[in-house]
1. Once R0 is set to 35 Å, what does the formula 1/(1 + (r/R0)^6) return for the Cβ-Cβ distance between A:Arg100 and A:Arg35, expressed as a FRET efficiency to the nearest 0.05?
2. In whole Å, what is the distance between the alpha-carbon centres of segment B:47-102 and segment A:1-64?
3. At most 15 other Cβ atoms within 10 Å and a DSSP loop assignment: could you name the trypsin sites (Lys or Arg not before Pro) in segment B:13-55 that fit?
4. Give the residues of segment A:100-127 whose amide nitrogen is closer than 15 Å to a point set 7 Å from the Cα of A:Asp166 in the direction of its Cβ.
5. Normalised by the residues of segment A:66-204, what does the relative contact order come to in percent, with Cα pairs under 8 Å and at least six apart?
6. Tell me, what is a quarter of the convex hull surface for the C-alpha atoms of the protein assembly as shown, in nm² with one decimal?
7. Given the pairs B:Lys97/B:Lys145; A:Lys203/B:Lys46; A:Lys178/B:Lys203; A:Lys180/B:Lys196; A:Lys145/B:Lys145, which span a C-alpha to C-alpha distance of over 32 angstrom in this model?
8. By the scheme Lys and Arg +1, Asp and Glu -1, what is the net charge of all other residues having a beta-carbon under 11 Å from that of A:Phe88?
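Quick note: the coordinates plus some simple rules give every number you see, no bench work behind them. The structure presented is a predicted model; accordingly, all values stated were derived computationally and were not measured. Neighbour counts are summed over all protein chains in view; Cβ atoms, including those assigned to glycine, are modelled from backbone coordinates with ideal geometry.
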There are 2 protein chains.
Amino acid sequence: MNVITKIKEDILSSELPRGVPLRQTALSVRYGVSRIPIRDALSSLKSEGWLVSHGKVGVMIPSLNWKEAEDLSLMRAELECLLFEMAFDDIGEDNIKAARKYLFELGKESLTLVCRGELNWHFHNTLYEVANRPTLQRVVEGLNKQAVRYLGFQYGPLSYRSTSQDEHEVLLSLIEAKNKKAAVDFLRRHIEIAGKLLTDYLKRI
Amino acid sequence: MNVITKIKEDILSSELPRGVPLRQTALSVRYGVSRIPIRDALSSLKSEGWLVSHGKVGVMIPSLNWKEAEDLSLMRAELECLLFEMAFDDIGEDNIKAARKYLFELGKESLTLVCRGELNWHFHNTLYEVANRPTLQRVVEGLNKQAVRYLGFQYGPLSYRSTSQDEHEVLLSLIEAKNKKAAVDFLRRHIEIAGKLLTDYLKRI
DNA sequence: CAGATCATTTTTGTATACATTTTTAGTCAA
DNA sequence: TTGACTAAAAATGTATACAAAAATGATCTG
C-alpha cells in the first residue's frame, strides 16, 4: 500500500490530527520514507481535496462540513448524469458483467473505507468509461475520490450501505432493460438522496 | 515567473513538442533547475489537465480536441451558473469594482495568453467567491484553468476577444440592476455560445 | 510592561547522489 | 528472418545534503 493510501486511511480514522499543520519531517518518520515521496503525496492529496493549504500555516486536514457535502452531491448529480447519459447507449453485456463484479466485492464485510470508495468508483466508472469522454470523466472521478472522505458517515450513522447496494442493482437492471430515461433519473435520485441525507446529518451535528 | 507558468507558455506556443514524452532531465536543463521542481510542476500540470500520463510511455502534452472543449463548456455552463446564482445576492459594490479592474487589465494589448487566462478567471472569481462555496469554487477554478489551453483559438481564429469584453460588461450591468435571472441566463449563454463556437471550429479542422 | 529587533531554530524548497525500474539494443538459437 | 533472452543505457523514484524562507523566542529599549 502506497503512502497516499496510508495517509488517507489515517485521515479517515482520525489518527492524523485535524486542525494542526502536518509537518513533512514528522510524516516521513511516521511512514518510514524520505520527505520527497511525502511531498508528492501531500501535493496529490491537496489537489484531490483531502488536504488544504491554509496560507503560510501549512497543509492541514479540512473538517467535514455540510457545504462541501452538498457541493459534491450537487456537482455529481449534474455531471455524472450527463456522463451516464452519454455512455448509456454504448454500455454492453461485458460492462454490466464487470460492474457486477465490483458490486460483489462491495458486498464483502471487511473492507477499509478507502478500498470501498475505490470499488464504488470502479463500479460507476465501468458504466461511464464507454462514453469516451476523458475530460468529463476525469472531473467526475475527482469528485468521487473527494467524496470518499464522507463515506464513513454513510456506512456508519446513516447505515446507508445495504440501501446503496440495492440501488446499484436496480440501476443495472434499468440498464439491461435499456430504459435510458428511467436509469438516468434513478441515478440522479441515487446521488441526490444520499447527498441530502448526508448534508442534513452534517447540518445537525 | 515560476516553472509551471513557463511550461504552460511553452505548451501554448508549441515550443514543447506534442506527441513525444517529456523527459524530466531535458526539462530540468531547459529551465535551469533540478529535477525536483520539474517533478512538482509536472504533477501539478497533470492534475490541472495540461499534461496527461500516457501509461508507461511518460507524460505528454495532449492535443486540443473538440470533445474536451465541449466537456469543459458543458461543465462550466452547469457549475458556474450554479455558483453564480449562489453568489448573486451577496455581490456588492466593491466586488463589481474589483471585477471592473480586472476587466480593464484584460483590455490591454500585450498580455500573454496565460496571463489573460488568469485575469479572466480573477474577473469571474470576484463574482463567485462571495458565494462562500469553496468546494464548488475549486472545481470551477480547475475547469477555467484547463480551458486556458483553448484561449489561443478564441483570441486568434475566432477573434472572440472584443465580444468577450463586451459580454463581461453586460454581465456587470445586469448584476448592478439586480436582475438575477437575466444575469444567470446571460452567463450561461456566454459560456455556451463561446463553447459551441470553439467546439464547431475544432470539429472542422 | 509593551513592542520592536535580531539571533536561533524549525520548516520547507532545491540540488545532488544513489537505487530501482523500464527501455533499448544486441546476440544467439530455432 | 524472427523471436526470445540478456546486457547496457536511460529514465524515474527515493534518499540525503544543503539553501532559503519562515517561525520562534530572547533581549533590548522606550
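1. Details: r = 43 Å, r/R0 = 1.23.
Once rounded, the FRET efficiency stands at 0.20.
2. 26 Å
3. Sites meeting the loop and neighbour criteria: B:Arg18, B:Arg23.
4. none
5. This gives 41 percent for segment A:66-204.
6. Taking the Cα atoms of the protein assembly as shown, their convex hull projects to 21.6 nm² on average.
7. Details: B:Lys97/B:Lys145 23 Å; A:Lys203/B:Lys46 35 Å; A:Lys178/B:Lys203 30 Å; A:Lys180/B:Lys196 26 Å; A:Lys145/B:Lys145 20 Å.
Check vs 32 Å cut-off fails for A:Lys203/B:Lys46.
8. For residues surrounding A:Phe88, the net value is 0.
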